[in-house]
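Take a look at the structure set out below.
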Amino acid sequence: MKHVSIIIPAHNEEAYLQRTLEAVGLLNPHPFEVIIVDNTSTDTTLQIANDFKKTIHDSNINFNVQVLQEKRKGVQFARNAGYIAARGSIIAFLDADCLPPSDWLIRLDRAFSEGAIAVSGPYNHYDYRERGFFFSLLFSVIVEIPQHYFYPIINRIFQALHISGILIFGNCACTREALVAAGGINTHIAFYGDDADLVRRLRPLGKIIFDKNCFVKSSARRYVRQGILRTFWLYALYFCRENFLRKPEHPTKSAAETISNHYASGSH
């Protein structure tokens with residue numbers, strides 16, 4: 001397996017980050033390095049990251065942990081800081097509330113062995129059933145089923161038509177070579193449209209695989225706080241703006257509000 005750098009941006013994620021790092025620590029094989037980027041947190045996020053680094057160091061587990069601080073508020077700034085510091089030949093991205101299965105890297109590697117330059121997969125949301133029957137049913141129909149069964153098909157169709165592809169930023173990996181050639185992380189996008197922007201720039205460079213077997217568990221907190229239909233609409237709107245109108249979200253006078261809402265609603 002190639003050297004994998006896992007980048008985890010985190011802003012005020014004390015309620016989730018510990019579990020995510022524990023899951024990352026159980027990955028088999030181990031990644032080459034894990035880079036946690038604290039993004040202006042005011043809670044114990046940074047301390048959790050540093051404790052994890054010390055635990056890995058003291059246990060002599062064979063991977064490196066870096067803890068960075070990015071003072072510019074915004075998930076793209078945090079991801080970019082991790083990308084710049086990463087040394088692996090594969091750059092993987094996880095959100096701070098994501099729980100990868102122990103064989104996540106093996107599943108990604110299988111996709112790369114098929115000649116892909118980028119690989120992504122769905123979220124298995126682990127907490128939406130707590131919201132009751134109606135919410136769970138609506139969530140399954142609008143979010144869960146499409147990610148697992150429609151996204152892989154749409155990804156193949158879009159690439160065949162030379163339009164774009166499907167990629168979820170909180171659960172993806174790219175070859176360093178392709179990411180560099182695509183221009184890296186676009187820090188001009190506050191949040192919505194960021195993954196669509198990246199996959200559009202990657203598509204001309206090679207094959208992109210969206211594999212439902214490359215899943216990670218994740219929180220449904222954004223859908224709970226913003227509402228299922230509103231959140232789905234926002235994702236769909238910016239996906240279409242980026243892919244069909246070539247109008248990604250760029251910072252405007254409302255960018256600070258967008259970033260603030262993003263962090264208030266969860267990391268993805």
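The values are calculated or read from the model by the stated rules, or taken from the named source; none is laboratory data. This one's a predicted model, so the numbers in the text were calculated from it and none came from an experiment. In this analysis, Cβ positions are derived from the backbone assuming ideal geometry, glycine residues included, and neighbour counts consider all displayed protein chains. Quick note on the areas: whole protein, heavy atoms, side chains included, nothing else; ligands and nucleic acids left out. Shrake-Rupley method; radii C 1.70, N 1.55, O 1.52, S 1.80 Å.
Using a cut-off of 28 Å between Cα atoms, the listed pairs K53/K73; K53/K212; K2/K212; K2/K71; K73/K212; K54/K212 include K53/K212; K2/K71; K73/K212; K54/K212 as exceeding that distance. With a cut-off of 12 Å between beta carbons, the residues surrounding T20 carry a summed charge of -3, where Lys and Arg count +1 and Asp and Glu -1. Once the 1.4 Å probe is applied to the protein heavy atoms, the stretch 123-237 comes out at 46 Å² accessible per residue. In this simple spin-label approximation, N28 and R129 carry label points 7 Å from Cα along the Cα→Cβ vector, and these lie 2.6 nm apart.
In the stretch 1-100, how does Rg compare with the Kirkwood Rh, expressed as the Rg/Rh ratio over alpha carbon atoms? Each step should come with its number before you reach the end.
Working: Rg = 12.2 Å, Rh = 13.1 Å.
Using Cα coordinates only, the ratio equals 0.93.
Pairs of Cα atoms in the stretch 68-140 fall into 5 Å distance bins, from 0 up to the last occupied one, in shares of 3, 11, 17, 17, 17, 15, 11, 7, 2, 0 percent. Note: the chain, Cα convex hull, 114 Å³ per residue.
Among L46, A160, V24, pick out the residue whose Cα is farthest towards the positive end of the charge dipole of the chain, where Lys and Arg carry +1 and Asp and Glu carry -1 on C-beta, about the Cα centre. Selected residue: A160.
I'd like the distance between the alpha-carbon centres of the stretch 131-185 and the stretch 92-126, rounded to an integer number of Å. Cα centroid to Cα centroid, the span is 12 Å.
Between A15 and S89, the distance separating the two model label sites (each 7 Å from Cα on the Cα→Cβ line) works out to 4.1 nm. In this structure, the amide hydrogen of H125, modeled 1.01 Å from its nitrogen in the peptide plane, lies closer than 5 angstrom to those of S218, counting only residues at least 5 positions away or on a different chain. For the chain, the antiparallel share of DSSP beta bridges with both residues in that region comes to about 30%. Within the same chain, aspartates and glutamates fewer than 8 places from K207 are excluded, and of the rest, those with a Cα less than 20 Å from its Cα are D109, E114, E177, D194, D195, D197, E242.
Treating each Cα of the stretch 28-176 as an identical point scatterer and ignoring solvent, apply the Debye formula and state log10 I(q)/I(0) at q = 0.14 Å⁻¹. Cα-only, vacuum Debye calculation for the stretch 28-176: -0.86.
Each Lys and Arg contributes +1 and each Asp and Glu -1, all at the Cβ; summed about the Cα centre of the chain, the dipole is approximately 720 debye. Tally up the carbon and sulfur contribution to the accessible surface of the stretch 78-138 as a whole percent, 1.4 Å probe, everything protein left in place. Roughly 55 percent, rounded to a whole number.
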